[in-house]
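The values are calculated or read from the model by the stated rules, or taken from the named source; none is laboratory data. Please read all numbers here as calculations on a predicted model, not as lab measurements. Cβ placement follows ideal geometry from the backbone for every residue including glycine, while neighbour counts extend to all protein chains displayed.
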Amino acid sequence: MRITAVHVETLELPLKAPFVIASSALAVSPCDLVRVETDEGLVGYGEACPAYEFTGDTLWTVQDVIGEYLAPSVIGKDPCQLEAIVHCWQRELWTVGNQAAQAALEMALWDLQGKALGRPLCDLIGGRTRDGLTEEVTWGWDSPEALAEKTRAMRAEGVTAFKIKVGDLPERDAERVAAVRAAAGPDARLTVDANQGWLDARTAVRAVKLLEPYGIAFVEQPVRMDDLEAARFVRDHVDVPIALDESVRGPREALACVKAGACDIFVVKLMKTGGILNALKVNAIAEAAGISVTMGNMGESSLGLAAHLHVNIALANVTHWDADLPSRPSGHRRDIGSGLRTELRDGVSTMLIPEGAGLGITLDEDAVAAQRVTRRW
Ligand SMILES: [Mg+2]
């Protein structure tokens with residue numbers, strides 16, 4: 001099987017409500033949809049959801065980088081030669097940054113490989129380590145009253161895990177977390193994510209101590225991404241485990257976090273690692289260092305979420321699913337694919353691997369066409 005063509009479409013997927021966190025406010029999710037065609041008629045799909053504040057990627061840089069650099073490097077190649085292809089990007093093209101572009105094209109190659117072999121993607125990277133994952137939803141900055149109301153509605157649908165965006169004034173953060181805890185009940189799992197928002201390490205320590213009484217499983221990215229000493233300081237002065245997200249991009253940053261003793265948990269996202277192969281390497285570093293992994297996302301549609309789900313369920317060291325389904329309140333108004341599944345197990349909403357080969361996602365071409373955008377400058 002040989003790759004014959006690569007196409008990139010740029011979309012903007014409006015969210016049901018603006019999503020506000022310490023480092024950004026989004027009303028739409030940027031989405032680069034990649035299609036890779038082969039001489040055997042199979043087509044693989046991949047998605048980039050670029051987040052400028054995480055990796056510097058934008059909707060348009062993804063399109064340009066794939067079009068000018070990455071796509072020409074894969075035409076004529078066998079999509080199963082993933083290691084060789086990614087090595088070429090790193091050591092022949094000397095690609096700097098642009099992880100979302102790499103992740104999207106690599107995702108499409110995994111999708112192709114699974115379709116060619118007739119197996120779900122997770123079977124290509126170790127197989128299932130469990131049958132399903134507890135669903136979680138994420139709340140951006142909002143009023144305590146609104147957060148409580150949304151939390152009660154989700155609890156009624158079986159959602160038992162909530163992530164709350166903090167990184168605001170510590171007292172305001174505490175009001176939000178208190179409201180979610182009261183609405184979610186004592187048995188719900190709560191985590192918080194500051195997205196680098198607290199001013200410095202001492203402020204972060206003060207904030208975490210305000211949040212500790214509400215029973216949070218971990219606090220994510222309390223300080224700036226490039227200040228691992230500050231992360232270590234916070235870790236040394238609070239009882240809650242520290243997760244790092246923005247600080248952990250690929251294997252090199254993961255190793256630096258280990259050396260600095262900066263965290264207990266890595267948040268792995270394909271848009272940061274540059275794809276699944278690098279995510280597996282980050283997970284290997286974590287596992288060797290006694291660090292667990294939670295899989296997050298950047299607001300992808302069902303397509304990109306499916307890739308995260310396959311990786312999550314294939315790796316025993318990944319303990320936590322952290323991504324909102326497009327159908328949830330923080331999700332998209334109109335998803336571009338179908339195939340993600342949930343079911344209630346003992347009253348708990350549980351994510352299941354999509355049925356079918358590769359990613360297992362069927363594109364909704366009408367939804368793709370309706371949300372396509374062209375360059376504005
Ligand atoms: Mg985060």
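Values for this structure:
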{"read-out": "Within the stretch 212-326, helices (runs of 4 or more DSSP H) holding 2 or more residues that are closer than 28 Å to Arg128 by Cα", "value": "251-260, 270-273, 276-289, 302-314"}
{"read-out": "Any hit, the stretch 138-152, residues being in contact (Cβ under 8 Å) with a residue 40 or more places away in the chain, over 20 Å from Glu246 (Cα atoms), in a loop (DSSP other than H, G, I, E, B) and within 24 Å of the chain's Cα centre (by Cα)", "value": "yes"}
{"read-out": "Scan of the stretch 279-311 for residues that are modelled with pLDDT of 95 or more, surrounded by fewer than 24 Cβ atoms within 10 Å (Cβ to Cβ) and of a type outside the set (A, V, I, L, M), ordered by number", "value": "Lys281, Glu287, Gly290, Ser292"}
{"read-out": "Odd one out for Phe162 among (1) under 19 Å from Ser330 (Cα atoms); (2) assigned to a helix (DSSP H, G or I); (3) aromatic (Phe, Trp, Tyr)", "value": "(2)"}
{"read-out": "Contacts under 6 angstrom Cβ, first residue in the stretch 74-91 being more than 18 Å from Thr4 (Cβ to Cβ), partner at pLDDT below 95, 6 or more apart", "value": "Trp89/Thr95"}
{"read-out": "Enumeration of residues in the stretch 237-249 that are within 16 Å of the ligand (Cβ to nearest atom) and surrounded by fewer than 18 Cβ atoms within 10 Å (Cβ to Cβ)", "value": "Pro241"}
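This table checks each residue for (1) within 16 Å of the ligand (Cβ to nearest atom); (2) touching a residue at least 12 places away in the same chain (Cβ under 8 Å).
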| site | (1), (2) |
| --- | --- |
| Ala179 | no, yes |
| Asp187 | no, yes |
| Gly197 | yes, yes |
| Pro213 | no, no |
| Arg235 | no, yes |
| Glu253 | yes, no |
| Ile265 | yes, yes |
| Ile285 | no, yes |
| Gly290 | no, no |
